[in-house]
Amino acid sequence: VVAQVAAAPPTGKTRINPDGTATAPAGAPAVVQAVVAGANSIIDTSYCVGGGHGTWKSSCYDCSGSVSFALHAAGLLNTSEDSTEMESYGAPGPGQYITIYADAQHAFMVVAGRAFDTADYGGPNIPAGTGPRWRSDPLGNLADGGDYVVRHPIGF
């Protein structure tokens, strides 16, 4: 994990675009923009168990593989982590820009007010499919009843 300089609090939310990609809020640090860009690059992939863990580039990603990929794209993670490993990633509690929710069965990430997730909670499901997508409801996935640990990349 790469140490980062503390970021200023966000002044807006990540915007979900009509094509399903997202745009970081204006003025977001470059690292946050890189997380969004990394996530955007895999939103047209499908879901598969273990996807994104053997290699960064995959035709499909699971929950923690997709979060790992986006964090790695910004230099915040050197090797992919499964959801249990993400329970101890970074620092405890919510971040200013990026918050990771992880338990033994699932992981998802909220970036400036929008969820990046493989579970279809909090729509939209654009593009259609089963893989990682941006979700407008940042905490919609909490409806699954998981016992999530809340973490964030240091400084973000």
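The values are calculated or read from the model by the stated rules, or taken from the named source; none is laboratory data. This structure is a prediction, so every number in the text was calculated from the model and none was measured. All Cβ positions, glycine included, derive from the backbone under ideal geometry; neighbour counts span all protein chains shown. Surface areas here come from the heavy atoms of the whole protein model, side chains and all, with no ligands, DNA or RNA. Shrake-Rupley method; radii C 1.70, N 1.55, O 1.52, S 1.80 Å.
Key figures for this structure:
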read-out: Accessible heavy-atom area order of S59, S80, highest first, probe of 1.4 Å; value: S59, S80
read-out: Cysteines (scope the chain) whose Cβ has no counterpart Cys Cβ under 4.7 Å; value: C63
read-out: ³J(HN,Hα), Karplus 6.51/-1.76/1.60, whole Hz, each residue of region 100-117, x for Gly, Pro; value: 10, 10, 9, 9, 5, 9, 7, 8, 8, 9, 10, 10, 6, x, 10, 7, 10, 8
read-out: Residues with amide H under 5 Å from that of R135, placed H, sequence gap 5 or more; value: A115, F116, D117
read-out: Charge sum, other residues only, whose C-beta stays under 14 Å from F69's C-beta, Lys/Arg counted +1 and Asp/Glu -1; value: -3
read-out: Amide hydrogen neighbours beyond the local backbone of A107, cut-off 5 Å, H modeled; value: S64
read-out: Summed side-chain charge close to N141 - residues other than N141 whose Cβ falls under 13 Å, Lys, Arg +1, Asp, Glu -1; value: -3
read-out: Estimated [θ] at 222 nm from DSSP helical runs (n ≥ 4, -39500 (n - 2.57)) normalised by residues in the chain, nearest 500; value: -4500 deg cm²/dmol
read-out: Volume in Å³ per residue [convex hull over Cα atoms, computed for region 47-132]; value: 97 Å³
read-out: Label corresponding to Cα extents along the principal axes in Å when calculated from the structure given, among (1) 35, 33, 31; (2) 47, 38, 32; (3) 42, 35, 26; value: (1)
read-out: Region 1-110: trypsin sites (Lys or Arg not before Pro) in DSSP coil with no more than 14 other Cβ atoms inside 10 Å; value: K57
read-out: Whole-percent carbon and sulfur share, accessible surface of the chain, 1.4 Å; value: 57 percent
read-out: C63, C48, ranked by accessible area, largest first (probe 1.4 Å); value: C48, C63
read-out: Residues with amide H under 5 Å from that of G95, placed H, sequence gap 5 or more; value: I100
